[in-house]
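Here, each number is a calculation from the coordinates, and none is a lab measurement. No experiment lies behind these values; they were computed from the predicted model shown. Reconstructed Cβ throughout: ideal geometry from the backbone, glycine too, with neighbour counts over all protein chains shown.
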Ligand SMILES: Nc1ncnc2c1ncn2[C@@H]1O[C@H](COP(=O)(O)OP(=O)(O)O)[C@@H](O)[C@H]1O
Ligand SMILES: CC(=O)OP(=O)(O)O
Ligand SMILES: [Mg+2]
C-alpha cells in the first residue's frame, strides 16, 4: 500500500512516500524556507533510482505551491514513481493540534472542527495543515486521511508539571494545561534509545524551525519545554517562546492593537525578532560572524534558553544518561551543540570537538570521559506516522 506522509513544519514541507507494510521510502521531497519569495530550496528524490532534483532560490510563496510541486515530481516529472496520484491510498499528516484528539485519528469533519477550534493555540501550524489537507483532498478525494497529533507522546507528563498557576476552572472548563508538541520527533528518539535499554534518563533537544527540549524517563515523556500553545518554551525561528504574560496588557496600554501583538508573538518574534536578520539560523550565524551584535545576541539567547531547560530537567530527572540533539539545527549546527555543551560542563558533559565537527548523521559526539553520552540522532518523524497511518483499521 502506498502511504504518503506530509510533514508541514513552520519553515519547511517534507514528504515521504512509503511502500507499506515494509516501510520502504520509495520517494521523498522537501521544501526549505517555504513561504519565501526567491529563496526556497526544493528537493525531490526517487529512492529506487537514486535520481532526483535539487534546486534553491525558488519561488515557493506558500504551502499549496510546495505541495503541488512535489505531487508533480511524484507523478509526472522525470523521476516519477507513480503513474497516477490515485495510487496513494492513505495520507498521514504530522498534524499539530485538535481539541479533544491526542493520538492517531482518521481526519473527519469532527477532527477538522477541533483543529479550527484550537487554531489560536497553533495558528501557523493548524492553518498550514488545514490548507494542506484541503489541497490534498482536492487531488485525492477517495484516499483515507489520518492525523497523528503532535501532543500524543506527552500524555505521560505528571500533573505537577502539567498544571499552570491559573484558576483551576480554566483547566476543567477550557482544558488549559501543558500539552507539549514534537511527539513524532521525541517519540522517535525514545524508540531509538529503547532499543538499547529500558531504564534511563535522557534529554532530547529538537532544534528546528520550532524548538523544544523534552525530558524522557524510561521511554516516556516526563516534561517538555512547550506549554499549551506553540508560542512557548524555547524561542523559535519567528515565534517568541516563553514570555511574561503581563507584557500583553502592558503592550495594549501602549496602544498596540491585538493584530500587532499577535504578529509580534507569532511571526516577527523569536530568532528573527531578536536578530532582525532572518528566521534562518544559518544566516544569523553568518551575520554574527561578520560582527552583527543583534545576530550574536539572538544566538546567545537561544543557547541560554536550551541550557536553562536542560538544567531544570536534569534536576527533575535526578540524573542524565543521554543528551540528544536532533532536527535541522540540532543535526547540522556543530556550533550550537558546542555552545550548549560548554555550558553543561558542571554536569560532567564533555564534548569531543573533533567528533562534533565531523558529525554527519547518527553519532556519539561526547569524549570518553564525559559523564553524559551526547549524541546526534537525525529525527525521523515520518516513520512512526507511516506505520500508524497504515495500521489504522
Ligand atoms: N547547518 C545549519 N546550521 C544552522 N542551522 C541550520 C543548519 N541547517 C539547518 N538549519 C536550521 O534548521 C531549520 C529547519 O529545521 P527543520 O527541523 O527542518 O524545521 P521545521 O521546524 O520547519 O520542520 C532552519 O530554520 C535552519 O535555520
Ligand atoms: C510543532 C511542530 O511540529 O513544529 P515544527 O515542524 O515547526 O517543528
Ligand atoms: Mg519540524
Answer rounded, prolate or oblate for the stretch 2-149, using the Cα gyration tensor with square roots of eigenvalues a ≥ b ≥ c: rounded when a/c is under 1.5, else prolate when a/b is larger than b/c, else oblate.
oblate
Between residue 110 and residue 134, what length comes free when the chain is fully extended (0.36 nm per residue of separation minus the Cα-Cα distance, one decimal in nm)?
7.2 nm
Along each principal axis of its Cα atoms, how long is the stretch 197-376 end to end? Whole angstroms, biggest number first, please.
56, 38, 26
Working note, the stretch 340-393: Cα radius of gyration (Å, one decimal) and Dmax (Å, whole number) are 16.2, 50
Using only Cα atoms, locate the centre of the stretch 243-264 and the centre of the stretch 95-145, then give the distance between them in Å, rounded to an integer.
29 Å
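Answer rounded, prolate or oblate for the stretch 130-248, using the Cα gyration tensor with square roots of eigenvalues a ≥ b ≥ c: rounded when a/c is under 1.5, else prolate when a/b is larger than b/c, else oblate. Display every interim value, and only then the final one.
Values: a/c = 1.62, a/b = 1.10, b/c = 1.48.
In terms of gyration-tensor shape, oblate.
If you count the DSSP beta bridges with both ends in the stretch 197-376, what percent of them are antiparallel, to the nearest 5?
On the way: 14 of 23 bridges.
Rounded to the nearest five, the antiparallel share is 60 percent.
With a/c under 1.5 counting as rounded, go ahead and sort the chain into rounded, prolate or oblate using the C-alpha gyration tensor (a ≥ b ≥ c being the square roots of the eigenvalues; past the cut-off, prolate if a/b is larger than b/c, else oblate).
On the way: a/c = 1.32, a/b = 1.20, b/c = 1.10.
Rounded is the answer for the chain, as its axis ratio a/c remains below 1.5.
Per DSSP helix of 4 or more residues, -39500 (n - 2.57); summed, then divided by the residues of the chain. What does that give at 222 nm, rounded to the nearest 500? Don't skip to the end; give the middle numbers.
Values: 15 runs with 151 residues, N = 393.
Taking each H run of at least 4 residues, the total per residue is -11500 deg cm²/dmol.
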Kirkwood Rh in Å, taken over the stretch 130-169 so that all alpha-carbon pairs contribute
13.7 Å
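What's the FRET efficiency of residue 49 with residue 257 using the Cβ-Cβ distance as r and R₀ = 51 Å, to the nearest 0.05?
Values: r = 53 Å, r/R0 = 1.05.
The calculated FRET efficiency here is 0.45.
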Please find the FRET efficiency linking residue 87 to residue 57, where r is the Cβ-Cβ separation and R0 is fixed at 35 Å, and quote it to the nearest 0.05.
0.65
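By DSSP, what percent of the beta bridges with both residues in the chain are antiparallel, rounded to the nearest 5?
Details: 46 of 64 bridges.
DSSP beta bridges in the chain are roughly 70 percent antiparallel.
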Taking the Cα centroid of the stretch 13-74 and of the stretch 349-393, what is the distance between the two, rounded to the nearest whole Å?
23 Å
